[in-house]
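The values are calculated or read from the model by the stated rules, or taken from the named source; none is laboratory data. Remember, predicted model here, so these are calculated numbers, not experimental data. Here the Cβ positions follow ideal geometry from the backbone for every residue, glycine too, while neighbour counts run over all protein chains shown. What goes into the accessible areas is simple: the full protein's heavy atoms, side chains included, and nothing from ligands, DNA or RNA. Shrake-Rupley method; radii C 1.70, N 1.55, O 1.52, S 1.80 Å.
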Amino acid sequence: MHLLSLFDRLRRSRLLDKYATTAAMAEGGGDMARRHLTSYNMDEERVAELRQEFKSRYRNFRSLLHANNNALDSMAALEKAVQECGPIPFSFVRTTATSITEDVNLMIRGLNRIAPGKHHQLLEVFQNIRAEINSCLEPDKPEKDDRFVIAVSEVNQTMSDLVGDKMARLGEIGKNTGLEIPIGFVITSSAYAYFLQENGLDTKIAEQLQSVDFDDLAAVQKSSQKLQSAIKEAKVPLPLQRAMENSFDQLQHNNSNITLALRSSATGEDSVKTSSAGQYLSKLNVGKTDFIDAYKAVVASKYSTEAMTYRYHHGLIDDQVSMAVGCLPMVNSAAGGVIYTRNPIDPEDNNIYINSCWGIPKPVVGGDSPCDLFVASALPPHELVETVIAEKEFHYKNNEQGGVEKTKIKEDLRSKPSLTGAEVEKLVQIASRLESHYKEPQDIEWCIDNQGRIKILQCRPLTGLERNKESPDEKTGIASPKRLIINGGTSISPGIVTGKVFWVENSTDLNRFPNDAILCAQMADPKWAPLLNRAKGIIVETGGFAGHLASIVREFKIPGLFGVESLKSRLVDGTIVTLDAENSSIYLGGFDALPVQDRKKDHLLAKSPVYSKLKEVSRIITPLHLTDPESLKFRPAGCTTLHDITRYIHEKSVEEMFNFGKHHHFLERSGKQLYYKVPMQWWILNLDDGYIKETNSRYVRLENIASLPMLALWEGMIAIPWEGPPPIDGKGLLSVMFQATTNRSLTTSGKAGFADKNYFMISRNFCNLSSRLGFHFTTIESIISEENPDENYISFKFKGGAADFTRRSNRTQFLGELLENYGFSIYTRRDILVAKLGHPDTDFVKARLAILGYLMIHSRQIDMIMMNRSTVSYYRSKFEKDIATILN
């Protein structure tokens, strides 16, 4: 017996050991045995290397797919946010964009490990896109001005980035309108940034805002308390403290009794769309000893619950809201109030509305006491058209110990007008001048000192002017007298809604307030503002349309009725009522004829800073332009978004992963022959954990196979017995004979040896099948992962055949149409078919592999009948019926 044959037999029967080897070499064939043993050992080493390389490649591939799935999920979240145009914190935009960028970077690194040096241009493209995203996410930086304090007399409208909108407008009024304002100073946004940075508060704030769920008011309250406490406990740096105290001293130089009103002046406050009315703190009648603490309290109010939720619902970016603080000499106010140069709920009403009270105008803006109303025509000579004098029981005045106090008004002043006719006339003229100066309706806060001088305290655009009335037809059915339970109060925002009454009395009620209830309160306190996004309407016992809360209600465009006397005793919690705010009416129960009111909550966000940034970032990240892998543009230079890069990497990584079998030749002596009932012409190479247990036999039995994709394929291959090749007509036979004699690539004999066999390379989750059955070449590669189902993938390539090109092409089209019906993405070119599928349902993917296994066996030689329509129709019907059987 030839020594080499003896060697193979001994090795396969596990009898070869060092003694047998020594004996073989002693028989005169020692050199050949040594060479064969060396070759065997080299094969084993090569298999070990192959397995290690596969493990490394598969590990990188899985890591890449994980990053890809994360990136696509995050992109979907961005797209959803753009489509819904709902409230989102800017931290969502920043963290989502950053997360996608990091995942794409991981994908690039993974691809470079799988295919070193092949896609080097991709990193440069990615870096350019990442730089564009980072530029978009960076806050807009105003021109740098390091001054901590600026005199109001030096301020003008162009300085809003430094002194805030409120103080910029006040400085503008003092400089260019001839009207009188309190002359003080502003602690700038630069001072605010310095204060935060020196105390590490900017980092703490960013971390807190990133983690808070703004749809959970309890969580917002908790974050608010933490942030405000941190700010109030922080030290004002000495350079800033000195600048503040020096400015205070300069004011007291001429009048040692001066105290200050510290008023918030945040950037973006008092703008056309976002008034931030009542959302920040003002500290009144502050002396020198309390000055530093009062400043920190105003700064901390940026993170009050109402201010945080206001920015969230209005799409304001926290980084872009800096808190400057206006420090104005406290006016000893005899009377004060608010002027609206137009009716805020009816812009077609050409009247000027003046709300006033005795003393400091806190009852007007706070809505806690009745106020006088004077209505004058906006047209010269500004005739007085209406006067409503309230019974004013309380007023606010300066407390000698600091701050302000609420005291009872003298009996003879309670029903007396808080303004004289001459004062009303002057205020109307001021209103006309300021509206003319700013060329739009204004909301003006003012006071009159003890010498009768009118001073402007604040002036901002009048918000909520869009008409929101229902048509007469929509109000059909609201006229049933027996159901009317309340008629009266002041309409502060029009509309008609039905809902359950929910009374709020303290901060704990914020967390209990249900969606779409009608909010009821005794005072028009701005602290109820966080509920307006969830309320269908609001009814309050006190207040008027000039208060801070009324302004916010109009921004949210929900119906509101304020100043409803004895409301608490007339509306019971949980009662279903209909609020007709425009007609100051409340009805018991609902109305079937009442139209569903489209509140269009997204109107607050459509042009907001957060939404604008969201759209800008999404434009760089989510669009997909790179769709056709066969296109010349499908290359790194063709990627213009991060989505393009993920598409490119996914396609190339799958290609590289599934070319493993192509680039790493199957080693005959390393594989084992599949034993299924009898030895089969299928060979298995176990790359990792493809067997249930290792075996030293030359065979591996099917029941020992652990590979999920291979087992799914095999199930389809054996599901239905093959009937054999189809009957061939004369032309089909001639076509086969011609191809067989002229196409050398169809030769099934010669030096190819094992090249004509069929091989599986497997692990538990991976399978690569290279098969040649007759004249057909098939490659199937698949990953099935029960632990990570998003990795599930199938790639199927089919080519060749014995018939002519037309018949082979028709066969490709035939199979492509079948597979497309079962969820595969199809690509055909000439006689080549490529089908791909990815799906998170593991059973779905197994079933599709079974379909491929079936088709691989049963589509043999059908290219020969592809010119016969009736036969093609028969096989189409048969295949569909067989596949249905397999799937069932």
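Can you give me the accessible area per residue for segment 330-402, using a 1.4 Å probe, in Å²?
Numbers: 3030 Å² over 73 residues.
With all protein chains present, segment 330-402 gives 42 Å² per residue.
Approximating the spin labels as points 7 Å out from Cα along Cα→Cβ, the Asn821-to-Arg701 distance works out to 3.9 nm. Packing, taken as the mean count of other beta carbons within 10 Å per residue, orders the peptides 152-159, 348-355, 449-456 from highest to lowest as 348-355, 152-159, 449-456.
Under a 1.4 angstrom probe, counting protein chains only, how are Arg811, Arg876 ranked by accessible area, largest first? It would help to have the intermediate numbers written out before the result.
Details: Arg811 0, Arg876 70 Å².
Highest to lowest solvent-accessible surface, that is Arg876, Arg811.
Each part reduced to its alpha carbon centroid, segment 354-368 and segment 101-132 end up 62 Å apart.
If you sort Met867, Met107 by accessible surface, 1.4 Å probe, largest first, the order is Met867, Met107.
Computed with every protein chain present, the accessible area of Lys426 is close to 110 Å² [probe 1.4 Å]. Computed with every protein chain present, the accessible area of Glu582 is close to 50 Å² [probe 1.4 Å].
Here the accessible area is traced with a 1.4 Å probe on the protein chains. For segment 227-367, carbon and sulfur cover 44 percent of it.
Here the spin labels are modelled as points 7 Å beyond Cα on the Cα-Cβ line, and at Ser569 and Leu484 they lie 2.2 nm apart. Sorting 843-849, 289-295 by average packing, meaning the other beta carbons within 10 Å per residue, from highest down gives 843-849, 289-295. Hey, which of these cross-link pairs are over 25 Å Cα-Cα: Lys288/Lys392; Lys797/Lys878; Lys392/Lys557? Too far apart for the 25 Å limit: Lys288/Lys392; Lys392/Lys557. At the residue level, Cys357 shows approximately 0 square angstrom of accessible surface with a 1.4 angstrom probe and all protein chains present.
Multiplying the residue separation of Asp841 and Glu49 by 0.36 nm and removing their Cα-Cα distance gives an extension gain of 281.8 nm. Averaged per residue, segment 755-888 has 38 square angstrom of accessible surface, using a 1.4 angstrom probe with ligands and nucleic acids left out. Phi angles of segment 855-861 translate, via the Karplus equation with coefficients 6.51, -1.76, 1.60 and θ = phi - 60°, into HN-Hα couplings of 5, 4, 7, 8, 8, 4, 6 Hz per residue; Gly and Pro are given as x.
Under a 1.4 angstrom probe, counting protein chains only, how are Lys797, Lys500 ranked by accessible area, largest first? Present the calculation step by step, with values, prior to reporting the outcome.
Working: Lys797 85, Lys500 120 Å².
Of Lys797, Lys500, the descending order of accessible area is Lys500, Lys797.
Could you work out what % of the accessible surface of segment 411-467 is carbon and sulfur, using a 1.4 angstrom probe and leaving DNA, RNA and ligands out of the count? Write out the running numbers ahead of the final one.
On the way: 1210 of 2610 Å².
With neighbouring chains kept in place, the figure for segment 411-467 is 47 percent.
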